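One structure below.
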There are 2 protein chains.
Amino acid sequence: MELAQFIQIARGAQPAELLLTNAQIVDLYNLDVVRGQIAIADGRIAGTAPDGASSYRATEVVDLQGQYVTPGLIDGHVHIESSMVSVPEFSRAVVPRGVTTVITDPHEIANVLGMTGIRYMLEVAKWNPLSVFVMAPSCVPAGPYESAGARLSAYDLESLMHDKWVVGLAEMMDYPGVLAGNPEALAKIEAAVNRPLDGHAPGLKGTDLNAYAAAGIGSDHESTTRDEALDRIRRGMIVMIREATPARNLRDLLPLVTVKNARRFMFVTDDRNPIHLLDDGSVDGMVRQAIALGLDPLLALQLASLNAAEYFRLFDRGAVTPGKRADLIVFKDLSAPRATHVYRGGRLVARNGELLPYHRPAESPTLPVSLSVPRASLRFAVAAQGRRLRVIEIIPNQIITKSVVADARIQDGHAVADPGHDLLKIALIERHTGSGRVGLGFVRGFGLRFGALASTVAHDAHNIIVVGADDESMRSAVEVILDMKGGLVAVAGREVVKLPLPIAGLMSDQPITTVAEQLRALLQMAHRMGSTLEDPFMTLSFLSLSVIPALKITDRGLLDVTKFELTPLFVD
Amino acid sequence: MELAQFIQIARGAQPAELLLTNAQIVDLYNLDVVRGQIAIADGRIAGTAPDGASSYRATEVVDLQGQYVTPGLIDGHVHIESSMVSVPEFSRAVVPRGVTTVITDPHEIANVLGMTGIRYMLEVAKWNPLSVFVMAPSCVPAGPYESAGARLSAYDLESLMHDKWVVGLAEMMDYPGVLAGNPEALAKIEAAVNRPLDGHAPGLKGTDLNAYAAAGIGSDHESTTRDEALDRIRRGMIVMIREATPARNLRDLLPLVTVKNARRFMFVTDDRNPIHLLDDGSVDGMVRQAIALGLDPLLALQLASLNAAEYFRLFDRGAVTPGKRADLIVFKDLSAPRATHVYRGGRLVARNGELLPYHRPAESPTLPVSLSVPRASLRFAVAAQGRRLRVIEIIPNQIITKSVVADARIQDGHAVADPGHDLLKIALIERHTGSGRVGLGFVRGFGLRFGALASTVAHDAHNIIVVGADDESMRSAVEVILDMKGGLVAVAGREVVKLPLPIAGLMSDQPITTVAEQLRALLQMAHRMGSTLEDPFMTLSFLSLSVIPALKITDRGLLDVTKFELTPLFVD
């Protein structure tokens, strides 16, 4: 629409396209609620006015009967891949709940498919009723012991910055590299100069935190205590309050938020699995949780939209004011907002929790299969070279592990799993290049009494990870994974429960409700197999993350992360 | 400095250049004060740390002995020309008071010299210890009856947007043009798309205000009442609280500012004459005034720096946090901040109210003389064509006028000034093109009993305006102006008091203290001549502003602004 026409509509001299009357408009600039009507045209808000004076006319008039209207919510940091569904299915889950914009870091798929994976996410995001902005992944691979499917250089990231949907640099997890002045880390920062640069710096403090901020890092979502969060906002960083499936920080951080400093916080989900997403929602759930914990509802809504819009410099959204995008949520109860209607760009896209039909091209972009494993390489036998094993010990609900020593169970000259003593075998199988590399080790804490669990979701390189009570179950589990082109599987004898993830081995092509059902069935199966962990697949997926202490499994064998070197399986 | 080195300094691994210890650091993000030290290198803040732990070392260490440190102040909207001094002299006045950044709209000089004038201001601003950002003047000339020296098209403005010091579009005074959809007005807005667009919309409200905001206008400094200001912040606009010499709004608007909405306000001076600037300072004076009126000092400092930095997207300043420019003020008393030390880019630039010496090239840019008036055209006789005159009546301390009718005093077939009845003659002499055009009229309210006052400061086109008790004094006054290449003058018989403004007829080349003295002498002279106005030159300068009601003088004669048409001098 020409600006001249939009101005005439805003003046009330020409009819708007849509008029929402009898609304309680949430004013996030003043932390106030104003009764009135909202005129919309060209996907944007033309103006607001008191009702009754009938300032505006429109082709379509909707009486909101006193319901509240607030800007569409914004999730400031989310790995869509963690929901295990495609972007359209992710949209189906979050848009009806009022999330109309997400800032995603596609670093899971980037570890598998590099720029091809990022471009795929940008392309597939295009037709959904959700604005998907991308932060360019800064750490692919995550470290030198990660056999990822791709490597993103500063050059790659610089080229991404020219894409209109790419807004900045995603979580700079390599804070040791930044602090050490690693040239490639700094080149990545410089590639995103004058844009938002997200941080990821668990535990960083003092002058090291100064240096991280001085390098240009503007946010952090790894604060777990109020002191850490205060340290960050005092340094001018934005604190992203995170409530992810494996890391829940809202309850601990919320007491720090006051009307004085609220503009320095936003809400993010980071990683939510499909069950969590369906049960608790996205940032809409965080808004309700924050209000239940005592935060002023208007502040909660400010954190969940305006603050994120301003930090990411998305000046076209985040408020119900003239000229902003008409991304709007309608809801009844200010003490627990639940969207009855969601408008995006002035179009009703969801009603009472259901996404309305929308146009999508019949063809969707395709990806190469990213599984290349010679079946002959699937050998898990460990020749006994001693009687005492170095073992990964799981700490429940944490992604750090302990390194312990245990007696090996020897059979026919081989060290084998010993489920009676909760000692299982674990393997990491390189899947990107067909190298046939298989790293072997032992793990304690899963509690499986028989069978095996395997997955292509294995941070951050997403090779195939498998844990089992015997080599044959492990081999069967990996073969199921190869047959279904990636996914999660539990194998116990002839019983097989699986969740296929054919999109890069990370995402399903099925509806999110199906995926959640499949995941529930898998977890039940794992628990029947003896696992004492709440989510053994989640735990498994982090045992390969080679930048988190203390002992991890790589495709080259056990890695002592405290020394950052490979370490033998047998202790002598 | 390489980023790698800056990071090592921020970590404390290499010495900083400057360390300010024993400070009370104002944290504008949290509205808090934190004791500690500030390490500075490369003109930027490397980090802050508690004292005592001696986290930082530096080449130079300054013990602040418990004084406060806050970011350098930012004047969000100022016409430097109104101070009647050159940019270096303006810097000398404001920098020692703690103003380290100004956003200027050079629309006075642009009306005289167009792009040449703007480029001159950019050039001459370069060497001073003050960051001068420019908003491109949107309304040159101000209206169709302004005989300005230049015309700035949307094309000109678009080219200005590529200058690194130009940050957006200056006050869009032509709000009727925007509302009417005038293509040139909209083209100017579109030339500055995705940048800050300043507004100027006195009295605008309702759906017209919606339309103005919907067009992209993001601020307004013309609110005079709390209701007007609230109307604007509810529409997502920033309210610039103005305290100018001719328009003082702080006291009226301040009660609207709360901790909830404070981020939507900033302080601006707009127009301050040299006496006002020397007596009350710049935005530093507004900070003290606001605190005296009851505003939390930390909020006052936030309005005066961080909020302006964020609105203008100057993300490199506005807070004492790692990576920001080391533009800092040191002061003792939080209840009335007065800078004892001012640092700009980490360099001490002022101490105890005095600017320290700084490097400036010997050559400064020059401008063409902008006075072209044929002396033969200086004829002020008005042939009597009736007995009743249409007269401009002044309303003291306002820039609007009334249109009244008065009896003419006729001598020798001519209507002449009648100082006994406070009826003076006024003339507007076109000075840019040598056209010889002289517009004549009568004015009531000056109170001069004899002599004449003349000036080349005559909004917005800055032609020569002269008011007098007799034609001969008027002619003498204008001749003094021509001889001194522009300025202000009072003539009474052989007594002449003058303030030369050789830079475009708007600015002096003398020190601000001299200019203030000259202006004081002029005002005393005008009062001795009988003027009852506080500042008759200020009043005079607005009698030519042809876009403000009701009756104004142009070089084509009297303009009825309510009808927007020229109107005869005699009423019949």
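The values are calculated or read from the model by the stated rules, or taken from the named source; none is laboratory data. The model shown is predicted, which means the values in this text are computed figures rather than measured ones. Here the Cβ positions follow ideal geometry from the backbone for every residue, glycine too, while neighbour counts run over all protein chains shown.
Per-structure values
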{"quantity": "All positions within region B:536-572 that are under 21 Å from B:GLU222 (Cα atoms) and either part of a loop (DSSP other than H, G, I, E, B) or in contact with a His (Cβ under 9 Å, 6 or more places away or on another chain) (or both)", "calculated": "B:SER541, B:PHE542, B:LEU543, B:SER544, B:LEU545, B:SER546, B:VAL547, B:ILE548, B:PRO549, B:ALA550, B:VAL561, B:THR562"}
{"quantity": "Residue ID - nearest to the other protein chains (Cβ to nearest Cβ), chosen from residues in region B:60-71 that are touching a Leu at 6+ places or on another chain (Cβ under 7 Å) and not hydrophobic (A, V, I, L, M, F, W, C)", "calculated": "B:PRO71"}
{"quantity": "One residue from A:ALA13, A:ALA49 being among the hydrophobic types (A, V, I, L, M, F, W, C), without any contact (Cβ under 8 Å) to a residue 40 or more places away in the chain, within 13 Å of another protein chain (Cβ to nearest Cβ) and in contact with a helix residue (DSSP H, G or I) (Cβ under 7 Å, 6 or more places away or on another chain)", "calculated": "A:ALA49"}
{"quantity": "Residue within region A:243-259 that is within 8 Å of chain B (Cβ to nearest Cβ), surrounded by fewer than 21 Cβ atoms within 10 Å (Cβ to Cβ) and either touching a strand residue (DSSP E or B) at 6+ places or on another chain (Cβ under 6 Å) or touching a residue at least 12 places away in the same chain (Cβ under 8 Å) (or both) present", "calculated": "yes"}
{"quantity": "Residue list for region B:361-375, restricted to those being touching a helix residue (DSSP H, G or I) at 6+ places or on another chain (Cβ under 8 Å) and either surrounded by fewer than 12 Cβ atoms within 10 Å (Cβ to Cβ) or of a type outside the set (Val, Ile, Thr) (or both)", "calculated": "B:SER364, B:PRO365, B:LEU367, B:PRO368, B:SER370, B:LEU371, B:ARG375"}
{"quantity": "Only one of B:GLY323, B:GLY281 that is of a type outside the set (D, E, K, R), on the phi > 0 side of the Ramachandran plot and within 14 Å of another protein chain (Cβ to nearest Cβ)", "calculated": "B:GLY323"}
{"quantity": "Yes/no for B:ILE233 being buried (at least 22 other Cβ atoms within 10 Å of the Cβ), touching a residue at least 24 places away in the same chain (Cβ under 8 Å), within 19 Å of the chain's Cα centre (by Cα) and within 11 Å of chain A (Cβ to nearest Cβ)", "calculated": "no"}
{"quantity": "Hits in region A:445-481 - residues which are touching a His at 6+ places or on another chain (Cβ under 8 Å) and of a type in the set (D, E, K, R)", "calculated": "A:ASP460"}
{"quantity": "Failed criterion for B:GLY318 (all others in (1) in contact with a helix residue (DSSP H, G or I) (Cβ under 8 Å, 6 or more places away or on another chain); (2) closer than 30 Å to B:VAL457 by Cα; (3) part of a loop (DSSP other than H, G, I, E, B); (4) not β-branched (Val, Ile, Thr) hold)", "calculated": "(2)"}
{"quantity": "Count of region A:392-425 residues which are farther than 18 Å from A:GLY530 by Cα and either touching a residue at least 24 places away in the same chain (Cβ under 8 Å) or in contact with a Pro (Cβ under 6 Å, 6 or more places away or on another chain) (or both)", "calculated": "15"}
{"quantity": "Matching strands (runs of 3 or more DSSP E) fully within region B:42-85 where at least 1 residues are within 22 Å of A:ALA215 (Cβ to Cβ) and among the aliphatic types (A, V, I, L, M)", "calculated": "B:44-49, B:58-63"}
{"quantity": "Residues of region A:521-531 that turn out to be assigned to a loop (DSSP other than H, G, I, E, B) and crowded, with 22+ Cβ neighbours inside 10 Å, as a count", "calculated": "2"}
{"quantity": "Yes/no for A:ALA58 being in contact with a strand residue (DSSP E or B) (Cβ under 8 Å, 6 or more places away or on another chain), among the small types (Gly, Ala, Ser) and surrounded by fewer than 23 Cβ atoms within 10 Å (Cβ to Cβ)", "calculated": "yes"}
{"quantity": "Criterion: of a type in the set (Val, Ile, Thr) and either surrounded by fewer than 24 Cβ atoms within 10 Å (Cβ to Cβ) or within 14 Å of chain A (Cβ to nearest Cβ) (or both) - qualifying residue of B:ILE25, B:ILE74, B:ILE80", "calculated": "B:ILE25"}
{"quantity": "In region A:200-230, the residues that are without any contact (Cβ under 8 Å) to a residue 24 or more places away in the chain, within 14 Å of another protein chain (Cβ to nearest Cβ) and within 21 Å of the chain's Cα centre (by Cα)", "calculated": "A:ASP220"}
{"quantity": "First in region B:488-517 and closer than 22 Å to B:MET529 by Cα, second anywhere and basic (Lys, Arg) and buried (at least 19 other Cβ atoms within 10 Å of the Cβ), Cβ under 7 Å, 6 or more apart", "calculated": "B:LEU488/B:LYS498; B:VAL489/B:LYS498"}
{"quantity": "Meets criteria (modelled with pLDDT of 95 or more, over 40 Å from the mean Cα position of the chain (by Cα) and hydrophobic (A, V, I, L, M, F, W, C)) for A:ALA13", "calculated": "yes"}
{"quantity": "Test: residue in region B:379-392 that is buried (at least 22 other Cβ atoms within 10 Å of the Cβ), in contact with a strand residue (DSSP E or B) (Cβ under 7 Å, 6 or more places away or on another chain) and not in a strand (DSSP E or B)", "calculated": "yes"}
{"quantity": "Residue match in region B:154-164 (condition: in contact with a helix residue (DSSP H, G or I) (Cβ under 7 Å, 6 or more places away or on another chain), within 17 Å of B:HIS462 (Cβ to Cβ) and of a type outside the set (Gly, Ala, Ser))", "calculated": "no"}
{"quantity": "Residues satisfying the stated conditions in region B:1-10, i.e. touching a residue at least 24 places away in the same chain (Cβ under 8 Å) and either aliphatic (A, V, I, L, M) or assigned to a loop (DSSP other than H, G, I, E, B) (or both)", "calculated": "B:MET1, B:ILE9, B:ALA10"}
{"quantity": "Which numbered condition B:ASN111 misses (of (1) buried (at least 21 other Cβ atoms within 10 Å of the Cβ); (2) within 30 Å of B:THR340 (Cα to Cα); (3) at pLDDT 95 or above)", "calculated": "(2)"}
{"quantity": "Residue, nearest to the chain's Cα centre (by Cα), within region B:404-419, restricted to residues that are of a type outside the set (A, V, I, L, M, F, W, C) and crowded, with 18+ Cβ neighbours inside 10 Å", "calculated": "B:PRO419"}
{"quantity": "Those helices (runs of 4 or more DSSP H) lying entirely in region B:118-223 with at least 1 residues surrounded by fewer than 21 Cβ atoms within 10 Å (Cβ to Cβ), modelled with pLDDT of 95 or more and aromatic (Phe, Trp, Tyr)", "calculated": "B:154-160"}
{"quantity": "Residue list for region B:532-546, filter: surrounded by fewer than 22 Cβ atoms within 10 Å (Cβ to Cβ), more than 18 Å from the chain's Cα centre (by Cα) and not charged (D, E, K, R)", "calculated": "B:THR532, B:LEU533"}
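Yes/no matrix, rows are residues, columns are (1) surrounded by fewer than 18 Cβ atoms within 10 Å (Cβ to Cβ); (2) of a type in the set (S, T, N, Q); (3) assigned to a helix (DSSP H, G or I):
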{"site": "B:LEU277", "(1), (2), (3)": "no, no, yes"}
{"site": "B:ILE291", "(1), (2), (3)": "no, no, yes"}
{"site": "B:GLN302", "(1), (2), (3)": "no, yes, yes"}
{"site": "B:ASN307", "(1), (2), (3)": "no, yes, yes"}
{"site": "B:VAL330", "(1), (2), (3)": "no, no, no"}
{"site": "B:SER335", "(1), (2), (3)": "yes, yes, no"}
{"site": "B:HIS341", "(1), (2), (3)": "no, no, no"}
{"site": "B:ALA350", "(1), (2), (3)": "no, no, no"}
{"site": "B:HIS359", "(1), (2), (3)": "yes, no, no"}
